[in-house]
Amino acid sequence: MITSVTISSNSNAKSAAVPKSTAALSIASLAEKTSLYLDDAEVQQVKRAYYYAEQAHDGQFRRSGEAYVSHPLAVADILANMRMDYQSLIAALLHDVIEDTSVSKQALAKQFGETIAELVDGVSKLTQIEFASKAEAQAENFQKMAMAMANDIRVILVKLADRLHNMRTLGIMRPDKRRRIARETLEIYAPIANRLGMNDVRVEFENLCFEAAYPMRAERIRAAIKRVRGKRNVLVEETRLQIENYLNEAGIQARISGREKHLYSIYRKMRQSKKTFADIMDMFAFRIIVDNVDTCYRVLGAMHALYKPVPGQFKDYIAIPKSNGYQSLHSILIGMHGVPIEVQIRTEEMDEMANSGIAAHWLYKQGGDYSSALSGSHKRARQWVQGLLEMQQNTGNSLEFIENVKTDLFPDEVYVFTPSGQILELPQGSTPIDFAYAVHSDIGNRCVGCYINRRLSSLSQPLKSGETVEIITNTSARPNPIWLEFAVTGKARSHIRHMLKSQRHNEAIELGKRLLEKALQGLDCSLEKLPATAIDQLLQTTKYDEFEYILEDIGIGNRAAYTTAKQLLSNNSITNAAPPQAVDLVISGADGMMFNFAKCCHPLPGDPIIGHMSVGSGVVVHVANCPNARNIRKNRATVIELHWAEKVDGDFLVPISVEIRQTRGIVSTLATKINSLDASIESIHVCDKDEHSSRVDIMLSVRDRVHLARIMRHIRNIKAVNRISRTKETSLQRKLH
Ligand code: MN
């Protein structure tokens with residue numbers, strides 16, 4: 001039998017998740033509400049606190065023009081709806097008294113007792129906090145918050161209710177202030193509410209913040225929901241009836257409600273999973289509330305018999321509750337007309353816990369029905385707060401502390417610091433490249449290296465929360481294509497791609513021009529000597545709009561320079577049919593985008609080299625005696641004779657292999673030696689050959705062949721080194737690319 005059925009809608013952010021009465025609040029209405037669950041003496045105390053606050057705030061007004069006392073009254077009302085105990089209500093009524101009036105903590109203690117004075121004092125301390133963007137200030141805020149919570153967790157509940165009422169009445173504020181408060185609430189209060197399992201409060205925070213921070217987006221989503229709601233509700237009701245009948249026949253008593261996703265969660269889903277509004281709204285969600293845990297599993301069985309479950313989508317949070325105490329069974333099924341349905345099955349108590357979290361503890365305590373699950377939730381919240389405090393004692397460093405807390409509140413993000421102490425929030429897995437672009441796109445584009453916690457580090461190193469990152473820039477530096485292999489943020493990736501595209505385009509044109517010029521020379525011609533009509537004719541016979549696109553394609557390797565040269569000349573009665581000649585080019589730097597240094601032989605300036613045009617990627621450079629170069633020579637048309645310029649800019653990667661006797665600290669001796677010789681280690685890999693010796697594979701970054709020879713000579717002189725060689729194919733290289 002179904003006791004009650006509701007189709008609830010949380011989509012309208014203005015309808016509070018925590019119920020609030022529409023009638024104007026008064027102490028009479030609060031007294032009436034509280035008399036339902038408090039005893040007479042307690043209600044009298046609450047009333048007394050109200051009159052005390054009214055007097056203390058006499059002559060003060062809110063921005064809306066109302067008497068100031070209307071605010072503490074509203075905060076107390078929020079807590080009364082959560083059925084919080086009378087001390088919390090009194091603290092709520094008095095929460096701004098110490099801060100905003102001449103009344104002292106001692107005076108409050110005398111009037112209402114030590115506990116309430118402490119509560120009010122705790123809330124005041126939190127209120128005084130101005131959330132600045134400076135990391136230190138933030139850290140302090142979190143510390144204060146944790147301390148306040150540890151003393152009496154009700155402090156944070158009063159503070160959350162205070163913030164909730166301020167958010168509800170945010171409309172009167174200046175837009176910039178409104179956005180700042182909204183952001184702060186989203187960053188700090190909503191996650192705390194979530195951590196304490198207070199889902200209703202979290203949802204309302206999120207919706208109110210979303211409205212305040214992004215009014216236009218909120219409006220658009222609201223309008224979209226309104227458009228689909230009518231048709232949707234018919235389907236929801238149809239499905240709900242079907243579930244209801246099925247459970248009825250199975251003799252199961254349940255309360256079934258269809259629910260809509262709230263505004264902010266739709267927005268978040270659209271952004272995070274790149275889903276369309278229609279995708280998200282296509283899913284129907286139902287909540288089935290029953291009397292005990294046993295029935296939960298019976299309902300699950302019935303649901304899986306009624307509709308086909310989607311494999312891998314069943315989650316048992318009853319057996320394994322979430323860290324904030326949330327318990328429920330979740331499953332996704334394919335319902336009528338193939339529409340996916342998400343069901344949540346839980347008991348009445350679990351539902352209360354899911355909505356009110358830690359606050360449910362007081363609700364049940366008041367009712368005398370103190371379930372073990374709920375006392376468990378309270379214990380968990382206490383443990384969390386306790387953990388925070390221990391963390392603070394262990395770290396002793398407020399910045400580290402805030403990182404730990406934030407990591408705990410937002411496990412999917414890392415928080416790193418700029419050298420000046422500013423905090424940046426990045427997605428998990430972000431690297432210094434992401435960091436550089438997050439600071440400024442110019443920093444990203446000119447980035448050449450980085451320090452993590454003052455140590456020179458690789459740009460591909462994933463960042464951990466709490467690390468301080470400093471980016472080394474060079475005005476002539478440009479993005480490296482390899483960055484795309486490890487940059488994770490959209491901002492970094494789009495900037496890198498954009499820069500690479502234009503850079504590549506220009507370099508390809510430049511290279512294409514040089515290659516074509518060489519090919520023409522081989523045919524006793526040159527671009528200059530070419531009749532002006534030759535290029536126009538070529539453009540007409542090919543699909544190209546402009547000559548530079550032909551040059552680009554030659555540079556990239558999509559078009560052969562020799563063939564193009566012949567085409568240019570054939571129309572002009574030059575019939576010199578000399579076979580293709582290998583063209584030669586000079587390499588003057590390490591980071592030209594159209595030169596790729598082969599990973600099989602790692603050529604260094606000074607090595608004899610040979611190159612070939614590779615389709616789509618320009619010139620690939622090999623050491624002349626590289627085994628792979630042998631095949632290349634077979635195709636004369638693509639071979640390019642290469643020479644190093646007298647002075648070559650940049651650093652080149654080269655692998656070496658060092659065999660060492662097992663001696664303590666030898667690897668660090670090697671590293672120090674290499675660094676002292678002005679080379680750097682890109683990667684290092686130690687493998688033990690036997691118990692007496694090991695092989696160390698090192699990827700070095702050096703200037704040229706002479707530089708490498710000097711390094712190898714110095715390493716050979718280290719006592720524990722048996723043998724050293726420049727390696728060709730190693731596991732190290734394969735791992736790198
Ligand atoms: Mn307040």
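The values are calculated or read from the model by the stated rules, or taken from the named source; none is laboratory data. All values reported here derive from a predicted model rather than from experimental measurement. Here the Cβ positions follow ideal geometry from the backbone for every residue, glycine too, while neighbour counts run over all protein chains shown. All accessible areas refer to the heavy atoms of the entire protein, side chains included, with ligands and DNA or RNA removed. Shrake-Rupley method; radii C 1.70, N 1.55, O 1.52, S 1.80 Å.
Restricting attention to the stretch 532-550, does a residue exist that is open to solvent by less than 20 Å² (accessible area, probe 1.4 Å), under 23 Å from ILE640 (Cβ atoms) and in contact with a helix residue (DSSP H, G or I) (Cβ under 7 Å, 6 or more places away or on another chain)?
Yes.
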Exercise for the section: Answer yes if at least one residue in the stretch 118-126 is within 12 Å of the ligand (Cβ to nearest atom), under 15 Å from ILE192 (Cβ atoms), surrounded by 17 or more Cβ atoms within 10 Å (Cβ to Cβ) and modelled with pLDDT of 90 or more, and no otherwise. Expected result: no
Completion exercise
Expected output for the stretch 85-98 (first residue without any contact (Cβ under 8 Å) to a residue 40 or more places away in the chain and of a type in the set (A, V, I, L, M), partner open to solvent by 20 Å² or more (accessible area, probe 1.4 Å) and away from the ligand (no atom under 11 Å from the Cβ), Cβ below 6 Å, 6+ apart or cross-chain) is ILE98/LYS105
Practice task
Go over the candidates ILE656, ILE640, ILE666, ILE684 one by one and state the one that is surrounded by 15 or more Cβ atoms within 10 Å (Cβ to Cβ) and under 26 Å from ALA477 (Cα atoms).
Solution key: ILE684
Completion exercise
Only one of (1) of a type outside the set (S, T, N, Q); (2) at pLDDT below 85; (3) more than 36 Å from the chain's Cα centre (by Cα) does not apply to ALA671, and that is (3)
Problem - Looking only at the stretch 53-74, and only at residues there that are surrounded by 21 or more Cβ atoms within 10 Å (Cβ to Cβ) and in contact (Cβ under 8 Å) with a residue 60 or more places away in the chain, the one that is farthest from the ligand (Cβ to nearest atom) - result: ALA74
Problem - Residue count for the stretch 443-464, restricted to those that are touching a residue at least 24 places away in the same chain (Cβ under 8 Å) and either touching a Leu at 6+ places or on another chain (Cβ under 6 Å) or not hydrophobic (A, V, I, L, M, F, W, C) (or both) - result: 9
Completion exercise
Those residues of the stretch 472-492 which are more than 23 Å from GLY589 (Cα to Cα) and not basic (Lys, Arg) amount to PHE486, ALA487, VAL488, THR489, GLY490, ALA492
Exercise for the section: Only residues in the stretch 465-481 that are within 20 Å of ASP651 (Cβ to Cβ) and basic (Lys, Arg) count as the first member; pair them with residues that are modelled with pLDDT of 85 or more and part of a loop (DSSP other than H, G, I, E, B), Cβ under 8 angstrom, at least 6 apart or cross-chain, and list the lot. Expected result: ARG478/ARG446
Practice task
Go through the stretch 241-343 and tell me which helices (runs of 4 or more DSSP H), entirely inside it, have 3 or more residues that are more than 24 Å from ARG202 (Cα to Cα).
Solution key: 293-306
Handout entry: Within the stretch 191-217, considering residues that are within 16 Å of the ligand (Cβ to nearest atom) and either open to solvent by 40 Å² or more (accessible area, probe 1.4 Å) or not β-branched (Val, Ile, Thr) (or both), the one nearest to the chain's Cα centre (by Cα)
Key = PHE205
Exercise for the section: Give the stretch 609-637 a look and list any residue that's part of a loop (DSSP other than H, G, I, E, B) and either under 42 Å from the mean Cα position of the chain (by Cα) or surrounded by 13 or more Cβ atoms within 10 Å (Cβ to Cβ) (or both), or say none. Expected result: VAL615, GLY616, SER617, ALA624, CYS626
Exercise for the section: Tell me which residues, restricted to the stretch 157-190, are away from the ligand (no atom under 14 Å from the Cβ) and either surrounded by 24 or more Cβ atoms within 10 Å (Cβ to Cβ) or closer than 28 Å to ILE116 by Cβ (or both). Expected result: GLU184, ILE188, ALA190
Exercise for the section: Identify the residue in the stretch 98-114 that is in contact with a helix residue (DSSP H, G or I) (Cβ under 6 Å, 6 or more places away or on another chain) and closer than 20 Å to ALA161 by Cα and, among all such residues, is least open to solvent (accessible area, probe 1.4 Å). Expected result: ILE98
Practice task
State whether the residues of the stretch 496-507 include one that is farther than 30 Å from SER430 by Cβ and small (Gly, Ala, Ser).
Solution key: no
Fill in the blank from the handout: Note on PRO531: of the conditions (1) modelled with pLDDT of 85 or more; (2) over 21 Å from GLN428 (Cα atoms), unmet is (1)
Problem - Residue list for the stretch 75-97, restricted to those being over 13 Å from LEU30 (Cα atoms) and either within 15 Å of the ligand (Cβ to nearest atom) or open to solvent by less than 10 Å² (accessible area, probe 1.4 Å) (or both) - result: SER88, ALA91, LEU94, HIS95, ASP96, VAL97
Problem - Filter pass, PRO309 being surrounded by fewer than 20 Cβ atoms within 10 Å (Cβ to Cβ), under 19 Å from ARG259 (Cβ atoms), of a type outside the set (Gly, Ala, Ser) and in contact (Cβ under 8 Å) with a residue 12 or more places away in the chain - result: no
Practice task
Would you check if LEU30 is open to solvent by less than 80 Å² (accessible area, probe 1.4 Å), more than 15 Å from the ligand (Cβ to nearest atom) and in contact (Cβ under 8 Å) with a residue 40 or more places away in the chain?
Solution key: yes
